[in-house]
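Report on the structure given below.
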Amino acid sequence: MTEITGGAVPPHAPTTPDSPRRGRTVSRHAIEEFLYAEATLLDDWRLEEWVELFTLDCVYEVPATDAPDADPGLSWSLIHDRRTMLEQRIIRLKKPEAHAEFPHSQTSRIIGNVMVTERSDDAVQVRANFIVSRMKAGKFDQYVGRYHYELVPDGTSFLIRRKKAVLAHDRLDPQGKISFVL
């Protein structure tokens, strides 16, 4: 099991338990297990449990596909929610009146290439690739991209302070919107 400890971790540098880094040790395996558990909650539409994985000061973001690195305060985003808006999004998605997601989509997520990119005293920066396959009303779509997380250690697990889902698409077809949680 690879252990990651404090300090910046360059994306190309291998990290071993013997790496001379300071701070508390966090295993990549524990981070991967957390991300897999989060994916399972989303695929099972256990959205109320999923939102509890976030800190009160969290941000959940899906930037525009043509400007993934733009400042969300200065540009348009597909989604840019703080905790209250994220909770409201979950309430709306669970209602039968949410026609875009009732009955809800069937999704299957694959998370891979999980890397710790930085470690501070209070958080871990993580990058991971994703493929989300979505089936609804006889139609099959795939959403591909990468996640950027800021995870806060919480006992034996983590809380999400920031989750950014960057799509590797040049456009969204056919409606140009996302009606489920990436």
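Listed values, structure above:
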item	result
Gain on full stretching of the segment that runs from THR156 to ASP170 - 0.36 nm per residue minus C-alpha separation	1.2 nm
Cut-off under 5 Å, modelled amide H: who pairs with SER27 long-range	ILE4
ASP57 paired with LYS139, simple spin-label distance in nm, labels 7 Å along Cα-to-beta-carbon	4.0 nm
Label-reachable residues, the stretch 45-61, where backbone N falls under 13 Å from a point 7 Å from SER179's Cα toward its Cβ	none
Sequence-distant residues sharing a close amide H with ARG119 (under 5 Å, placed H)	GLY7, ALA8, VAL9, GLN125
For the stretch 84-182, size of Cβ-based charge dipole, Lys and Arg +1, Asp and Glu -1, in debye	300 debye
Solvent-accessible ranking of GLU33, GLU150, largest area first, probe 1.4 Å	GLU33, GLU150
Low-density loop cleavage sites - GluC sites (Glu not before Pro) in the stretch 66-126, where at most 12 other Cβ are within 10 Å (DSSP)	GLU97
Accessible area, probe 1.4 Å, largest first, for residues THR107, THR117, THR25	THR25, THR117, THR107
Span from the the stretch 69-83 Cα centroid across to the the stretch 95-143 one, whole angstrom	18 Å
Whole-percent carbon and sulfur share, accessible surface of the stretch 44-121, 1.4 Å	54 percent
For the stretch 55-98: accessible area per residue (Å², 1.4 Å)	58 Å²
Most to least packed among 132-138, 69-75 [average Cβ atoms within 10 Å]	132-138, 69-75
Length added when fully stretched, ASN113-HIS29, from 0.36 nm per residue minus Cα-Cα	29.0 nm
Whether the stretch 75-140 is rounded, prolate or oblate, judged on the alpha carbon gyration tensor where a/c under 1.5 counts as rounded	oblate
Total charge dipole magnitude, the stretch 37-100, about the Cα centre, Cβ charges on Lys, Arg, Asp, Glu only, Debye to nearest 20	300 debye
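The values are calculated or read from the model by the stated rules, or taken from the named source; none is laboratory data. A quick note: this is a predicted structure, and the numbers were derived from the prediction, not measured. With ideal geometry, Cβ positions are generated from the backbone for all residues, glycine too; neighbour counts draw on all protein chains shown. Ligands, DNA and RNA are stripped out before the accessible areas are found, and what is left, the full protein with its side chains, is counted by its heavy atoms. Shrake-Rupley method; radii C 1.70, N 1.55, O 1.52, S 1.80 Å.
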